[in-house]
1. Can you name every residue in region A:39-58 that is surrounded by 18 or more Cβ atoms within 10 Å (Cβ to Cβ) and more than 15 Å from residue A:166 (Cα to Cα)?
2. Name the pairs: first residue in region A:193-221 and without any contact (Cβ under 8 Å) to a residue 60 or more places away in the chain, second residue of a type in the set (S, T, N, Q) and in a helix (DSSP H, G or I), Cβ to Cβ under 6 Å, at least 6 apart or on different chains?
3. Can you pull out the residues in region A:63-76 that are more than 8 Å from chain B (Cβ to nearest Cβ) and either touching a Phe, Trp or Tyr at 6+ places or on another chain (Cβ under 9 Å) or modelled with pLDDT of 95 or more (or both)?
4. Can you tell me which residue is surrounded by the most Cβ atoms within 10 Å (Cβ to Cβ) among those in region A:61-103 that are closer than 11 Å to residue B:16 by Cβ and touching a residue at least 40 places away in the same chain (Cβ under 8 Å)?
5. Given the conditions (1) more than 10 Å from chain B (Cβ to nearest Cβ); (2) more than 24 Å from residue B:55 (Cβ to Cβ); (3) under 12 Å from the mean Cα position of the chain (by Cα), report the number of the one that residue A:129 does not fulfil.
6. Look at residue A:233 and say whether it is without any contact (Cβ under 8 Å) to a residue 12 or more places away in the chain, surrounded by 17 or more Cβ atoms within 10 Å (Cβ to Cβ) and at the interface with chain B (Cβ under 8 Å from one of its Cβ atoms).
7. Cβ-Cβ below 8 Å, separation at least six or inter-chain, first residue in region A:117-133 and farther than 16 Å from residue A:97 by Cβ, second among the charged types (D, E, K, R): which pairs?
8. Name the one entry in A:137, A:166 that is of a type outside the set (A, V, I, L, M), at pLDDT below 95 and assigned to a helix (DSSP H, G or I).
Amino acid sequence: MKNPSDRAQAPYWTLPGLAEGAWRSGALLPGTAIFSLVFGTVAAQKGLSLADTILMNALVFAGASQLVALEAWTNPLSLGTLASLALLTAIVNARFVLMGAALQPWLGALPAWQIYPPLLLTTDATWIVGMRYRAEGKGDAAIYLGAGLAIWAVWVAAVVPGYLLGAFISDPKRFGIDLMLPIFFAAMLVQIWRGPRRAIGWAVAGVVALAAAQLVAGWWFIVIGAIAGSIAGGFIDDAE
Amino acid sequence: MMPNEMQFGPFAGILVIALATYFTRVFGFWAMGHVPMTLRVRRMLETLPGAIVIATIVPLMFRAGVPGVIGIAATLGCMVLRRNEFLAVALGLASVSAARALGL
């Protein structure tokens, strides 16, 4: 069987591709809006201003890492906390490294000034739209930009009602909102389930994180557990 | 003032996490154009999203005690049976509230 990318078109840009990319992201927009509402609610509870919340959504545009960053957030921030935030964020978003690598066979032929700006709009949703489109053997790079812009617009807009809701709730513990992050992640976990083989690495991550949470202060247990699980995952498959 | 006593506002924090995120977005694309990615690194990166999620859930769940365990179990169960993210999160939050109201 021939690799689909061998006979796929070279990358190019079209204006209708922008609209088609936005259209193709449609099925993923409700989930994006819900995630943004959740983030807005938590941000309000953590005492972020509405302007900072919107700014964070607009500039960072990576929900899971934003939720984790909020857990480690303090006001004001020390230099040490800033360094922790950078590391936590890079670890949580390390999956984008793999996604970017997977885009290289399609978009690598474009000049750097054309491809790096749309790459900054990479999220799980943008990437899924792009890879589904590429699997059809077509090459319009505007699909990626169009999908990214549509998802970004929904992500930025939906945070406002979420924030207002969060600011309105006076006792977050009563509604379980302090557990929003693990509950949201538990729902996400079922969607990224890919069979028991990869789950061995996940189990290692859980056990190591639990131990690290007892031994190390702060939010390092996420980084320590995730790296341990990831290394285990990288080696366990070799036994197959 | 010593460097470790320096303090920053929210904007600095937003900028730092934005730049860290941009780095992850362009690094893999750039690296693939320059060095081949080994199978082992690929597998590690494939395991990473789930590992992050588990490493976050497990300690926070146990830290929250019985309501935490009930809430996570309800979310997972609902998600497996109904595949509806919104419903699963709502049920998870409701379970935590109910467990706390009952004093568990």
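1. The answer is A:55, A:56, A:57.
2. Partner pairs satisfying both residue conditions: A:198/B:47; A:201/B:47.
3. A:63, A:67, A:70, A:71, A:72 - these are the residues of region A:63-76 that are more than 8 Å from chain B (Cβ to nearest Cβ) and either touching a Phe, Trp or Tyr at 6+ places or on another chain (Cβ under 9 Å) or modelled with pLDDT of 95 or more (or both).
4. A:88
5. In the conditions (1) more than 10 Å from chain B (Cβ to nearest Cβ); (2) more than 24 Å from residue B:55 (Cβ to Cβ); (3) under 12 Å from the mean Cα position of the chain (by Cα), residue A:129 misses (3) alone.
6. Taking the combined requirement at face value, the residue does not satisfy it.
7. Filtered contacts from region A:117-133: A:129/A:24; A:132/A:24; A:133/A:24; A:133/A:140.
8. Working: A:137 fails: assigned to a helix (DSSP H, G or I).
Result: A:166 is the single residue among A:137, A:166 that is of a type outside the set (A, V, I, L, M), at pLDDT below 95 and assigned to a helix (DSSP H, G or I).
The values are calculated or read from the model by the stated rules, or taken from the named source; none is laboratory data. Just so it is clear, the structure is predicted and the values come from calculations on it, not from any experiment. Cβ atoms come from the backbone with ideal geometry, glycine included; neighbour counts cover every protein chain shown.
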